[in-house]
Amino acid sequence: MAGTRLGIPVTVSTDPRHGVFSSPLTGQTLEALSRWPEHTGMAALPEAERRVQEYGDVVRREYLALGFRVALGPMADIYSDPRWSRGYETFGEDPGTVARLTAAFIRRRMSPVDHQLSASECLMRQRPTHHGRAPRCSP
């Protein structure tokens, strides 16, 4: 955006908003958007990679219509600790499945036609839990 004071583009981002789970802090669902299973559920579906690609394409089109240019999800992380409150935003606990489905989602989200971007939140931030506290996404 050349019109901004420093010439830095303004980017509007959002947490995932297409799932059944709704939280005003981590991605409240919007009635105007399509509904999909949470990411862990999508990983368990038959033909998961094809369905995740379809999901990524739908998310891209719906977010563009709302003005979102960056999506902060799905979590590109391994769900290994059930105490983690955002584990449902990952594609599960198998590293191969998580890598394959995250890549499939991002490929469909990044469109050369409309220059839609995609971001994966908390990538490579998983650390062992210390005294029962979940240190995810914290310094």
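Please find, within the range 81-99, the residue that is nearest to the chain's Cα centre (by Cα) out of those that are surrounded by 14 or more Cβ atoms within 10 Å (Cβ to Cβ) and hydrophobic (A, V, I, L, M, F, W, C).
91
How many residues does the range 81-119 hold that are small (Gly, Ala, Ser), outside any loop (DSSP other than H, G, I, E, B) and at pLDDT 80 or above?
Residues that pass the stated criteria total 5.
Among (1) over 18 Å from residue 72 (Cα atoms); (2) at pLDDT below 80, which single condition is residue 51 missing?
In the conditions (1) over 18 Å from residue 72 (Cα atoms); (2) at pLDDT below 80, residue 51 misses (2) alone.
Sort out which residues of the range 54-80 are in a loop (DSSP other than H, G, I, E, B) and either modelled with pLDDT of 90 or more or surrounded by 15 or more Cβ atoms within 10 Å (Cβ to Cβ) (or both), and write them in order of number.
Once the filter is applied, which keeps residues that are in a loop (DSSP other than H, G, I, E, B) and either modelled with pLDDT of 90 or more or surrounded by 15 or more Cβ atoms within 10 Å (Cβ to Cβ) (or both), the range 54-80 yields 68, 69, 73, 74, 75, 76, 77, 78, 79.
Which pairs do you get when a residue that is under 14 Å from residue 91 (Cα atoms), found in the range 31-54, comes within reach of a residue that is surrounded by 16 or more Cβ atoms within 10 Å (Cβ to Cβ) and of a type in the set (Gly, Ala, Ser), reach meaning Cβ atoms under 6 angstrom, with the pair 6+ apart or on two chains?
38/19; 40/92; 43/92; 49/104; 52/104; 53/104
Test residue 40 against the criterion of being modelled with pLDDT of 80 or more and open to solvent by less than 30 Å² (accessible area, probe 1.4 Å), and give yes or no.
no
Any residue that is touching a Pro at 6+ places or on another chain (Cβ under 6 Å) and closer than 30 Å to residue 9 by Cα - is there at least one of those in the range 47-61?
Checking the range 47-61: not a single residue is touching a Pro at 6+ places or on another chain (Cβ under 6 Å) and closer than 30 Å to residue 9 by Cα.
The values are calculated or read from the model by the stated rules, or taken from the named source; none is laboratory data. All values derive from a computational prediction rather than experimental measurement. So basically every Cβ, Gly included, is an ideal-geometry build from the backbone, and we count neighbours across all protein chains shown. Just so you know, the surface numbers come from the protein's heavy atoms only, side chains and all, with ligands and any DNA or RNA stripped out. Shrake-Rupley method; radii C 1.70, N 1.55, O 1.52, S 1.80 Å.
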